[in-house]
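The values are calculated or read from the model by the stated rules, or taken from the named source; none is laboratory data. None of the values given here were measured: they were computed from a predicted structure. Here Cβ is always computed from backbone atoms with ideal geometry, including for glycine, and neighbour counts include all displayed protein chains.
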Amino acid sequence: MATTFKTLLSSDIVNTRNFLHESVPLTGTIVSGTYNSTTDGAEYNIKNYAHGQFQSVYDYPYLSSSANHLFDVTVGYSPKEGSDAFGQADDPAPSTADSQYTKKTNMYSQMAQLLVGYDESGSIKPFRNPIRDVNMKQCVFLPFSRLLVKDEIKKGSFSLAMYVSGSDEEHGAGFGAISALGVDPVTFTDASGSDGYYTDSPAGEYGVLFHNDDSPEADDAGAASGLLYYQAGIAVLTASIFNDGFCGNQQHALLSGSNQGSAQMFMSGTIDNFADAIRHRIQNISFNNTTELNSTIYFCRANANEFNYSSNPTYLSESQIRVKTNASDQPISYLTTVGLYGADNELLAVAKLSEPLKKTNTNELTLRVRLDY
Amino acid sequence: MAFLDNSGDIILDAVLTDTGRMRLARGDGSFRIAKFAFGDDEINYESYNKNHASGSAYYDLTVLQTPILEAFTNNTSTMKSKLLTVARQDLLYLPVIRLNHDGNSFAGSTRNLSTRADADAGGSYIVTADESSRQNIGNGQIGVLHGDSTGVTDQNPLAFDQGLDTTAVSISTNNALSPGNPLRETQYIVEVDDRFLKVATPADGSIASVSFVDDDQIASYFFSEVADTAYVENITIGGNEGNRVNDNQSPLRGPAGSRLKIKLRATEAATNGTYLFTKFGNTGYQVIAGGDNYYYIDTTLRITGFTTGYRVDIPIRLVKKQ
């Protein structure tokens, strides 16, 4: 009997899982500077919201449909009094005198709830630096978009270079302004992430971000500056990086007129102010993302005596096969397409060859069609 | 879709069709790939030149240089012609499926929509959507089929004959594509837009059971020679010994196999309203020159031989009096 379909046997179907990594470089000029207005300094690729809880960074003016969301910037601090990352008491303690006290504490609590979880009493646990063994009470959050992170950030690939020195005015025109001060940016990496990550987060695995400044030495416990949640795609930096002495002997003033410790800094200014100030200090961000590809491979095999004729209307001229002159000539067909069908003959997937393949009764073909999910 | 880069290694560009994605999204296990077929939609075998002066290496040069488009995701836009497996490798003739517009007991001629004249090839059928339109058009118009529930009963069915359309092979009981012959078509797939038309039985015009309706509202009906004898029948050999023909009704000039018979009925939505016509169709077609104007929708009836893969598209114009 003639047939156009061939049933796939179980040996023709193979399931595989692969990890695909892409390099994601984000230059500081995208984060601040490239799309600034020349007249009023407005940043067209930075989206501020009326709620003022975070700021979004796009790769193009965000009103354009071509724009892609890259990441958000926000800050928050713990509503609980206690020691900061240096083990020192808050000074001042969290206070409702801060006009955005609620927003900042809610932001911290939300992030902690998702990324750190709860203790046995059901209370939200604070972010904790496992190297220093201290809580991180004031934090900068950089949640990266799923477009960039895909399934997760590849462990050991993250790098964030930013200036922790200089005043907001000096950074106002973008990160380039600080380079004129002659100081080097500090690079935060998850250097040991590939083999030294932690698994006690409800959001998946996380690594420690270390800074590379000379004092203390990079990868020392003292250089532990934040956390990187790989599957969530969120970097959490302690605000202490802006404290004098944390990353070498640099001068720090995250916001205008402040040259104080992180606790004081975070009590003043809005989240948008902080987001601007942090963005303007970023020189470069890079990481590799990971996409988990679950694939099914269908081996479509055409044996020598199969698929040698065609139902193409041009195949026949008055019912005679065009590619044959005599009945004894070998049948020839040319395949360009593989159709994968369900049991009820519905076309579920289709694959196209880049050029026609000749099929005769003297050759056999195996086409490997991979569907990724 | 653009052409695929054919300058280097052979690549395979695979996508899920819209139906595949719909089934995957449904999450009920209906997305299960069970079989495959090969297609050659882009190939024009007329460019195979077996008389090329430079020799056999050049016969298929043009064919092999055919550029291939990226995969379409619309499931009805691809795999129009499939490669065929037949155990015998020494075949010189293959069967086709022809619309039978000659037989006295079938639907009759198609019409050229512009001239309204009988079209030997490339014509269309007109299907009336309601009784009023049918009565207004009256009898005797070329290529007009009664698609309303009353008129369909006395409408002759559409017939599609399968077999060899050549005089090079004589018609005889010895070479007929009788049951058991590997080139005989035993199952037919009828595809029609479910919003406009339904397939009906050739006997009384009652609506046939649809196999499935895809995401583009294309309904597929399966008719097999074994289970659906009301739709699929054998084409017998008639005439006298030495001057044999296919039952005096078939357009096929060579040995014939099976015949599919169906009727078409307008859907209730097309019969009872004008919404479909204003959304998908147009106005102002005169079925009779100088006569009344009709709403119309142009659609296609597709017949595919499940076994042989041969496919015929018949243009249909559904009309309703304005």
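In the stretch B:22-57, what residues are more than 7 Å from chain A (Cβ to nearest Cβ) and touching a Phe, Trp or Tyr at 6+ places or on another chain (Cβ under 8 Å)?
The answer is B:Leu24, B:Asn49, B:His52.
Restricting to the stretch B:289-322, and then to whatever is acidic (Asp, Glu) and more than 12 Å from the chain's Cα centre (by Cα), can you tell me which residue is farthest from the other protein chains (Cβ to nearest Cβ)?
Residue satisfying both the conditions and the ranking: B:Asp292.
Does B:Ala107 meet the test of being more than 7 Å from chain A (Cβ to nearest Cβ), modelled with pLDDT under 90 and either surrounded by fewer than 21 Cβ atoms within 10 Å (Cβ to Cβ) or in a strand (DSSP E or B) (or both)?
no
Going by the structure shown, is A:Ala327 facing chain B (nearest Cβ under 7 Å), surrounded by fewer than 18 Cβ atoms within 10 Å (Cβ to Cβ), in contact with a Leu (Cβ under 6 Å, 6 or more places away or on another chain) and aliphatic (A, V, I, L, M)?
So A:Ala327 fits the description; yes.
Please indicate, with yes or no, whether at least one residue in the stretch B:77-99 is crowded, with 22+ Cβ neighbours inside 10 Å and more than 14 Å from chain A (Cβ to nearest Cβ).
no
Take B:Ile68 and decide whether it is at the interface with chain A (Cβ under 7 Å from one of its Cβ atoms) and over 22 Å from A:Ile13 (Cα atoms).
yes
Yes/no matrix, rows are residues, columns are (1) buried (at least 20 other Cβ atoms within 10 Å of the Cβ); (2) within 7 Å of chain B (Cβ to nearest Cβ):
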position: A:Thr314; (1), (2): no, yes
position: A:Glu318; (1), (2): no, yes
position: A:Val323; (1), (2): yes, yes
position: A:Leu335; (1), (2): yes, yes
position: A:Gly339; (1), (2): yes, yes
position: A:Leu347; (1), (2): yes, yes
position: A:Leu357; (1), (2): no, no
position: A:Arg368; (1), (2): no, no
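When you look at A:Leu20, is it surrounded by fewer than 15 Cβ atoms within 10 Å (Cβ to Cβ) and within 14 Å of chain B (Cβ to nearest Cβ), yes or no?
no
Residue-wise test of (1) crowded, with 16+ Cβ neighbours inside 10 Å; (2) modelled with pLDDT under 90; (3) assigned to a loop (DSSP other than H, G, I, E, B).
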site	(1), (2), (3)
B:Ala14	yes, yes, no
B:Phe36	yes, no, no
B:Glu46	no, no, no
B:Ala57	no, yes, no
B:Thr62	no, no, no
B:Ala71	yes, yes, yes
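Filter the stretch B:143-171 for residues that are of a type in the set (D, E, K, R) and in contact (Cβ under 8 Å) with a residue 40 or more places away in the chain; which is farthest from the other protein chains (Cβ to nearest Cβ)?
Taking the candidates together, the pick is B:Asp148.
Looking at B:Ala129, B:Ala168, B:Ala208, B:Ala203 in this structure, which one is touching a helix residue (DSSP H, G or I) at 6+ places or on another chain (Cβ under 7 Å) and aliphatic (A, V, I, L, M)?
Matching residue, one of B:Ala129, B:Ala168, B:Ala208, B:Ala203: B:Ala129.
Mind counting the residues in the stretch A:29-60 that are surrounded by fewer than 17 Cβ atoms within 10 Å (Cβ to Cβ) and within 27 Å of A:Lys104 (Cα to Cα)?
8
Of the residues B:Leu84, B:Leu91, B:Leu99, which is more than 26 Å from B:Ala219 (Cα to Cα) and in contact with a Phe, Trp or Tyr (Cβ under 8 Å, 6 or more places away or on another chain)?
Result of the check over B:Leu84, B:Leu91, B:Leu99: B:Leu91.
B:Thr19 - would you say it is at the interface with chain A (Cβ under 7 Å from one of its Cβ atoms), under 27 Å from B:Ala168 (Cα atoms) and surrounded by 19 or more Cβ atoms within 10 Å (Cβ to Cβ)?
No, not satisfied.
Just wondering, is there one or more residues in the stretch B:133-142 that are buried (at least 21 other Cβ atoms within 10 Å of the Cβ), in contact with a helix residue (DSSP H, G or I) (Cβ under 9 Å, 6 or more places away or on another chain) and more than 7 Å from chain A (Cβ to nearest Cβ)?
Yes.
Just give me the residues in the stretch B:90-104 being assigned to a loop (DSSP other than H, G, I, E, B) and closer than 16 Å to B:Thr307 by Cβ, in sequence order.
Of everything in the stretch B:90-104, those that are assigned to a loop (DSSP other than H, G, I, E, B) and closer than 16 Å to B:Thr307 by Cβ turn out to be B:Leu91, B:Leu94, B:Pro95.
Out of all the residues in the stretch B:300-309, which are surrounded by 19 or more Cβ atoms within 10 Å (Cβ to Cβ) and more than 11 Å from A:Thr3 (Cα to Cα)?
Within the stretch B:300-309, B:Leu301, B:Ile303, B:Thr304 qualify.
Among B:Gln249, B:Gln286, which is in contact with an Asp or Glu (Cβ under 8 Å, 6 or more places away or on another chain), modelled with pLDDT under 90 and more than 14 Å from chain A (Cβ to nearest Cβ)?
B:Gln249
Let me confirm something: among A:Ser201, A:Ser240, A:Ser225, which residue is surrounded by 24 or more Cβ atoms within 10 Å (Cβ to Cβ), of a type in the set (Gly, Ala, Ser) and modelled with pLDDT of 85 or more?
Of A:Ser201, A:Ser240, A:Ser225, the one residue that is surrounded by 24 or more Cβ atoms within 10 Å (Cβ to Cβ), of a type in the set (Gly, Ala, Ser) and modelled with pLDDT of 85 or more is A:Ser225.
Among the candidates B:Ala200, B:Ala176, B:Ala219, single out the residue that is crowded, with 19+ Cβ neighbours inside 10 Å, closer than 23 Å to B:Thr76 by Cβ and away from chain A (no Cβ under 13 Å).
Answer to the selection: B:Ala200.
Taking B:Thr73 as the residue in question, decide whether it is touching a strand residue (DSSP E or B) at 6+ places or on another chain (Cβ under 7 Å), under 23 Å from A:Ile13 (Cα atoms) and more than 7 Å from chain A (Cβ to nearest Cβ).
It is true that B:Thr73 is touching a strand residue (DSSP E or B) at 6+ places or on another chain (Cβ under 7 Å), under 23 Å from A:Ile13 (Cα atoms) and more than 7 Å from chain A (Cβ to nearest Cβ).
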